[in-house]
Amino acid sequence: MLSYRHSYHAGNHADVVKHLVQVAIVDYLLQKDKPFCYHDSHAGAGLYSLLAEKAQKTGEYQGGIGKLWQYQATSPALAHYIALIKQLNPDGELAFYPGSPKIAAMLLRAGDSIQATELHPTDYPILASQFARRRHSRIEHMDAWAGFKAMLPPLHKRGLVLIDPPYELKTEYQDVVAGLQSAYQRFPQATYAIWYPVIERAAVEAFISAIVATGIKDQLRIEYCPLPDSSGFGMTGSGMLVINPPYTLANDMRAALNELAPLLSAEGEFQVHQLVPE
Ligand code: SAM
């Protein structure tokens, strides 16, 4: 079943938090001269029009990037994330929003590599066309979990693996745990960033516990909820579980979310804490 289309949700509060964390991790990897690999397991279409029918229909971006793209941030990660959105919208109108592979393409150097898998038959060719001329990129119409087996470890032994499924099916939570274990076995040096929605609190905590129970060390939880918990009636927040985070990430995200949270909601709450030590 592939009914999920990210074009309805691009730029919402969950994308803002996910891509803020992505930018902070990539910025850290860029500090070293050595090339690295960015692997995106559920890549989406890469670029989204916020003026198109799908984005306008839900209006979700207005509760996310729409509220902050003109904001002058002081925290470096938030400032850099906002600068990327402005770079894509030089006319001063918020018309486009970058997906995670596009953000990677905007940030990485020519020698860094980009790998991505996307299963949707419409989104895959849109994504692949954006990378047709980029060297060191491998964009596959392939299942995410098969992609880990086929493409990890990459040539460069440093990197970020972003895992961002739609969680349309309850089984996807177990798939993430198994997929993470298989990827980590192949590429233990990488940083892993796993996105999760907050829909029902007990289910979130069970999912986090299952990831902790893998025994993988050095796990950081970053979560932001613009709305209070409800009992399963829609997404009230989202988070990123980061394995092998840069040592600077927790403090950087506390500073960024301190600034971001009041811009998105008067009643929002965030947490950043180390779940499993190094
Ligand atoms: N990572 C993207 C971003 O931040 O811009 C958004 C990705 S969206 C939340 C999830 C994507 O996963 C959808 O485009 C969907 O078609 C794709 N997808 C769903 N199941 C998949 C699977 N088993 N393997 C690869 N892609 C899958």
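Every number in this text was worked out from the coordinates using simple rules, so none of it is lab data. Everything numeric here is computed off the predicted structure, so don't read it as measured data. Note that we place each Cβ from the backbone using ideal geometry, even for glycine, and neighbour counts take in every protein chain shown.
May I ask for the distance between the Cα centers of the range 144-159 and the range 253-278, given as a whole number of Å? A separation of 30 Å, based on Cα centres. Looking at the range 12-116, the GluC sites (Glu not before Pro) that sit in a DSSP loop and have at most 10 other Cβ atoms within 10 Å of their own Cβ are Glu93.
Once the range 43-170 is represented by equal point scatterers at the alpha-carbon sites, with solvent omitted, what log10 I(q)/I(0) does the Debye formula produce at q = 0.10 Å⁻¹? Per q value, in the given order, log10 I(q)/I(0) is -0.37.
With 22 Å as the cut-off, how large is the P(r) tail for the range 1-87, expressed as percent of Cα-Cα pairs? Each step should come with its number before you reach the end.
Numbers: 1240 of 3741 pairs.
Of all Cα-Cα distances in the range 1-87, 33 percent exceed 22 Å.
Near Ala43: Cβ cut-off under 11 Å, other residues only, Lys/Arg at +1 and Asp/Glu at -1. The net charge is -4. Of all lysines in the structure, those lying under 28 Å Cα to Cα from Lys67, and not within fewer than 8 positions of it along the same chain, are Lys18, Lys54, Lys57, Lys86, Lys102. What share of the DSSP beta bridges in the chain is antiparallel, in percent to the nearest 5? If we restrict to bridges inside the chain, about 60 percent are antiparallel. Close amide-amide hydrogen proximity is noted between Leu275 and Gln219, Leu220, Arg221, each under 5 Å apart and 5 or more residues distant or on a separate chain (H modeled in the peptide plane; Pro and chain starts excluded).
Could you give the dipole magnitude of the chain about its Cα centre, charging the beta-carbon of Lys and Arg +1 and that of Asp and Glu -1, in debye to the nearest 20?
Its charge dipole is roughly 900 debye.
The length gained by stretching the chain between Lys32 and Gln62 to full extension, at 0.36 nm per residue less their Cα-Cα distance, is 7.2 nm. Plainly put, the chain has a radius of gyration that is 0.92 times its Kirkwood radius, both from alpha-carbon atoms, as the Rg/Rh ratio.
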